[in-house]
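Engineer: My structure is below; once you've seen it, I'll send some questions.
The values are calculated or read from the model by the stated rules, or taken from the named source; none is laboratory data. Everything numeric in this text was worked out from a predicted model, so none of it was measured. Cβ atoms come from the backbone with ideal geometry, glycine included; neighbour counts cover every protein chain shown. Ligands, DNA and RNA are stripped out before the accessible areas are found, and what is left, the full protein with its side chains, is counted by its heavy atoms. Shrake-Rupley method; radii C 1.70, N 1.55, O 1.52, S 1.80 Å.
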Amino acid sequence: MLKIAVLVSGGGTNLQAIIDGVNNGTITNTKIEVVISNNQNAYALERAQKNKIANLCISPKDFETRAAFNEEFLRKLDSYQVDLVVLAGFLVVIPPEMIAAYKNRIINIHPSLIPSFCGTGYYGLKVHEGALNRGVKITGATVHIVDEGTDTGPILLQKAVEVEEGDTPEILQRRVMEQAEWQILPKAIDLIANGRVRVEGQKTYIK
Ligand code: GAR
């Protein structure tokens, strides 16, 4: 059984897709051990509570130094002894110590086809604003393994989504979630839970 922690900052629709996937059998051999948010008001925390999943909030704002936050964040995560950490709209930079301790065991969902519209400053609606401003006809979402860089780790799954005339960032965001994110994030977890993912350097291979 793959034990996972899901890290969130906002609405938690990707968390919901994971909860639904575990409940309806799209995701197998997986248990959500804990949901961690940096934002006490995140609706994602309510989703966890409604589903009786352990949840907690830890924010850099409540610590005097970033180093103190990083240390406590890692200590709390470690206490749940999870096999995989899933970043589902988590907007805090993952401490380097955590990336080292969980090498190739942290995945992230990003709402574009990496390497487009990713890296520092590209998160949430800003990603879709970037895509619309550039005039791309196709965008999508990516699940990747988290390394020390921002959105630079090995790509695990991607799914393309068409941009349509009249799209606003909000409309495009919703379509990318529905047609890509809520499908490939649960799928990635299921693949990992069933030992079907191998990582070699910058590449992943799926059995
Ligand atoms: C999602 O679109 C996710 O891809 C994005 O934040 C949103 C969270 O929505 N993540 C990033 O932009 C990471 N760089 P949710 O809370 O409803 O799942």
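Engineer: Which one of these does ASP151 not meet: (1) within 14 Å of the ligand (Cβ to nearest atom); (2) open to solvent by less than 70 Å² (accessible area, probe 1.4 Å); (3) assigned to a strand (DSSP E or B)?
Structural biologist: If we test ASP151 against (1) within 14 Å of the ligand (Cβ to nearest atom); (2) open to solvent by less than 70 Å² (accessible area, probe 1.4 Å); (3) assigned to a strand (DSSP E or B), just (3) comes out false.
Engineer: Please count how many residues of the range 160-190 are under 15 Å from the mean Cα position of the chain (by Cα) and of a type in the set (A, V, I, L, M, F, W, C).
Structural biologist: Selection size over the range 160-190: 8.
Engineer: Taking into account only those residues within the range 101-117 that are open to solvent by 30 Å² or more (accessible area, probe 1.4 Å) and touching a helix residue (DSSP H, G or I) at 6+ places or on another chain (Cβ under 8 Å), which is farthest from the ligand (Cβ to nearest atom)?
Structural biologist: It comes out as ALA101.
Engineer: State yes or no: is LEU74 within 28 Å of LEU125 (Cα to Cα) and either among the polar types (S, T, N, Q) or open to solvent by 10 Å² or more (accessible area, probe 1.4 Å) (or both)?
Structural biologist: Values: within 28 Å of LEU125 (Cα to Cα): no; either among the polar types (S, T, N, Q) or open to solvent by 10 Å² or more (accessible area, probe 1.4 Å) (or both): yes.
So LEU74 fails the test.
Engineer: Okay, next question. Can you tell me which residue within the range 15-27, out of those that are open to solvent by less than 50 Å² (accessible area, probe 1.4 Å) and touching a helix residue (DSSP H, G or I) at 6+ places or on another chain (Cβ under 9 Å), is nearest to the ligand (Cβ to nearest atom)? Explain how you work it out, then say what you get.
Structural biologist: So the first thing to find is which residues in the range 15-27 are open to solvent by less than 50 Å² (accessible area, probe 1.4 Å), and the list is 15-19, 21-22, 25, 27.
Narrowing further to those that are touching a helix residue (DSSP H, G or I) at 6+ places or on another chain (Cβ under 9 Å): 15-19, 21-22, 27.
Working: LEU15: 6, GLN16: 8, ALA17: 8, ILE18: 9, ILE19: 11, GLY21: 13, VAL22: 16, ILE27: 16 Å.
Selected residue: LEU15.
Engineer: Across the range 121-139, which residue is least open to solvent (accessible area, probe 1.4 Å) among those that are within 11 Å of the ligand (Cβ to nearest atom) and touching an Asp or Glu at 6+ places or on another chain (Cβ under 9 Å)?
Structural biologist: Across the range 121-139, the extreme among qualifying residues is HIS128.
Engineer: Could you grab me the full set of residues in the range 147-179 that are of a type in the set (A, V, I, L, M, F, W, C) and free of Cβ contacts under 8 Å to residues at least 60 places away in the same chain?
Structural biologist: Step one: of the range 147-179, the residues of a type in the set (A, V, I, L, M, F, W, C) are 155-157, 160-161, 163, 171-172, 176-177.
If the condition is that a residue be of a type in the set (A, V, I, L, M, F, W, C) and free of Cβ contacts under 8 Å to residues at least 60 places away in the same chain, then ILE155, LEU156, LEU157, ALA160, VAL161, VAL163, ILE171, LEU172 are the ones that fit.
Engineer: Still on this structure: Kindly state which strands (runs of 3 or more DSSP E) lie completely within the range 1-106 and contain at least 1 residues that are touching a residue at least 40 places away in the same chain (Cβ under 8 Å). Please lay out each step first, then the result.
Structural biologist: Details: elements: 2-8, 30-37, 54-57, 84-87.
Qualifying strands (runs of 3 or more DSSP E): 2-8, 30-37, 84-87.
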